[in-house]
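Reviewing the structure listed below.
The values are calculated or read from the model by the stated rules, or taken from the named source; none is laboratory data. Computed from a prediction, not measured in an experiment: that's the story for all the values here. Cβ: placed from backbone, ideal geometry, glycine included. Neighbour counts: every protein chain shown. Heavy atoms of the whole protein, side chains included, go into the accessibility calculation; ligands, DNA and RNA do not. Shrake-Rupley method; radii C 1.70, N 1.55, O 1.52, S 1.80 Å.
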Amino acid sequence: MTSISLPTGRISNPLKALAWAGIVLGLLAAFVALPPITARSWIPSLFLGLLAALAGVWAITRGERRFGWYAVATAALGFGLAYLATRSEIGKLETVVVWSALFASMLRYATPLIFGALGGMFSERSGVVNVGLEGMMLMGAFFGIVAADKFDSWFLGLLVGILSGGAMGLLHAIWSVHLRADQIISGFAINFLALGLTGYLFIDIYGQEGTPTDIPSIPNVRLSFLDGVPFFGDIFGNLNLMIWIALILTPLSWLVLFKTPLGLRIRAVGEHPRAADTVGIDVYRIRYGAVIASGMLAAAGGAYLSIGFVNSFNENMTAGRGFIALAAVIFGNWRPFGAAAACLLFGFSSALAQRLPEYSDSAAVLFQALPYVLTLIAVAGVIGRSIPPAADGRPYQKQ
């Protein structure tokens, strides 16, 4: 067994590195045609795109299908963007492509998704599918802004929003873990319950006038030492507190999941609950804790959306972000950094779509839809099948 696995490990790492080099070359193919370089010929981009595609094909034919296809897709997309950029006016390019503004906006759009994706990852790693992320995020958004309004405190608003998500997580855990109901149906029930409850209470409390405009909002963190620093100062100099928390939680989640006894128990319960039970791990307790934590994390993302990003609430304001976060978990192969990277991809597309009406409304819609298309391709297994935890979605009954 050992003599076979060791050569495989030695071969796969160089191939993955080659595929990553192809991804970088594909991105570079687009970058050279955009500001500040703004090459007016598509020939350099074609050359870089071909190198990227060749690197991807080489990796694919030797067993590294997932990242190899990423390289091929990035090569095609990079050259396509570069070609369109060379056909555009420089003035329009400089208006749309302002990298510091795009990256700062990307972080704002990606933050609620990162919270939801991390929550979904913990739930699914424990073996419970959490389709209810959308409803948990919506509860956090509504009760967060209501509490911030009534208590005149953004901190209490955030706390109440997180607790409301934890309550929905507890409800999902009771149905899925204790009662062993179908986890997909339970998740959708959570979504419809949250949609109806928040919609009714919103009209009952605020009526047609909507939420007030003077509700305390989650503050920004200003880094004075970045004042005047080009590019990095524009991106990181004045970010919302919740953005920093999301960025910190991503590596922290990796540490908890893969470097602590608790993370080992969560993964064991999600892979083989009966074996975990035989060695003394309480499967029910671990799953309850993971699902409740999942709801609290998703609700934190919703609370950021209402009292940290737009500072208001509208019915169904999450608009499918919980489902996008769940797709990011699958796209990221149930790992924190992969899920966060998928969320940043969604965020960047949303940020770019806000600026693309300078060209056309259809181009803006296209970039908003791009992450969904890529996620569908990934889930379909075209670029390497995503393999969930072995016991994901399977109720467990102690014997």
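Tally the residues that are in a helix (DSSP H, G or I), touching a residue at least 24 places away in the same chain (Cβ under 8 Å) and surrounded by fewer than 22 Cβ atoms within 10 Å (Cβ to Cβ), restricting the search to the stretch 261-276.
Of the residues in the stretch 261-276, 3 are in a helix (DSSP H, G or I), touching a residue at least 24 places away in the same chain (Cβ under 8 Å) and surrounded by fewer than 22 Cβ atoms within 10 Å (Cβ to Cβ).
Kindly evaluate Leu54 against the criterion of being free of Cβ contacts under 8 Å to residues at least 60 places away in the same chain, surrounded by fewer than 20 Cβ atoms within 10 Å (Cβ to Cβ) and in contact with a Gly (Cβ under 8 Å, 6 or more places away or on another chain).
yes
Failed condition for Ile215, given (1) of a type outside the set (S, T, N, Q); (2) at pLDDT below 95; (3) open to solvent by less than 50 Å² (accessible area, probe 1.4 Å); (4) under 28 Å from Asn130 (Cβ atoms), with all others met?
Evaluating Ile215 over (1) of a type outside the set (S, T, N, Q); (2) at pLDDT below 95; (3) open to solvent by less than 50 Å² (accessible area, probe 1.4 Å); (4) under 28 Å from Asn130 (Cβ atoms) leaves (4) as the failure.
Out of the stretch 172-207, which residues are aromatic (Phe, Trp, Tyr) and either open to solvent by 70 Å² or more (accessible area, probe 1.4 Å) or assigned to a loop (DSSP other than H, G, I, E, B) (or both)?
Listed by number, the residues that qualify are Trp175, Phe188, Phe192, Tyr200.
Please go through the stretch 67-84 and pick out each residue that is open to solvent by 20 Å² or more (accessible area, probe 1.4 Å) and closer than 19 Å to Phe331 by Cβ.
Phe67, Trp69, Tyr70, Val72, Ala73, Thr74, Ala76, Leu77
Which residues, taken from the stretch 306-355, are open to solvent by 20 Å² or more (accessible area, probe 1.4 Å) and touching a Pro at 6+ places or on another chain (Cβ under 6 Å)?
Arg321, Leu345
Looking at Gly263, Gly237, Gly233, Gly228, which is the one that is of a type outside the set (Val, Ile, Thr) and at positive phi?
Gly228
Only residues that are in contact (Cβ under 8 Å) with a residue 40 or more places away in the chain and either open to solvent by 20 Å² or more (accessible area, probe 1.4 Å) or of a type outside the set (A, V, I, L, M) (or both): list them for the stretch 85-96, please.
Residues satisfying the conditions are Thr86, Ser88, Ile90, Lys92, Glu94, Thr95.
Take the residues of the stretch 113-171 that are of a type in the set (Asp, Glu) and surrounded by fewer than 24 Cβ atoms within 10 Å (Cβ to Cβ): which is farthest from the chain's Cα centre (by Cα)?
So the residue we want is Asp152.
Could you list, ordered by first residue, the pairs with Cβ atoms under 8 Å in which the first is in the stretch 144-160 and more than 17 Å from Ala298 (Cα to Cα) and among the charged types (D, E, K, R) and the second is part of a helix (DSSP H, G or I) and open to solvent by less than 10 Å² (accessible area, probe 1.4 Å), at least 6 apart or interchain?
Close Cβ pairs satisfying both conditions: Asp149/Gly157.
Listed residues Phe231, Phe225; which is surrounded by fewer than 19 Cβ atoms within 10 Å (Cβ to Cβ), modelled with pLDDT under 95 and touching a Ser or Thr at 6+ places or on another chain (Cβ under 8 Å)?
Every option except Phe231 fails the conditions.
Mind listing just one residue for me: the one in the stretch 30-49 that is over 15 Å from Arg87 (Cα atoms) and in a helix (DSSP H, G or I) and, of those, least open to solvent (accessible area, probe 1.4 Å)?
Gly49
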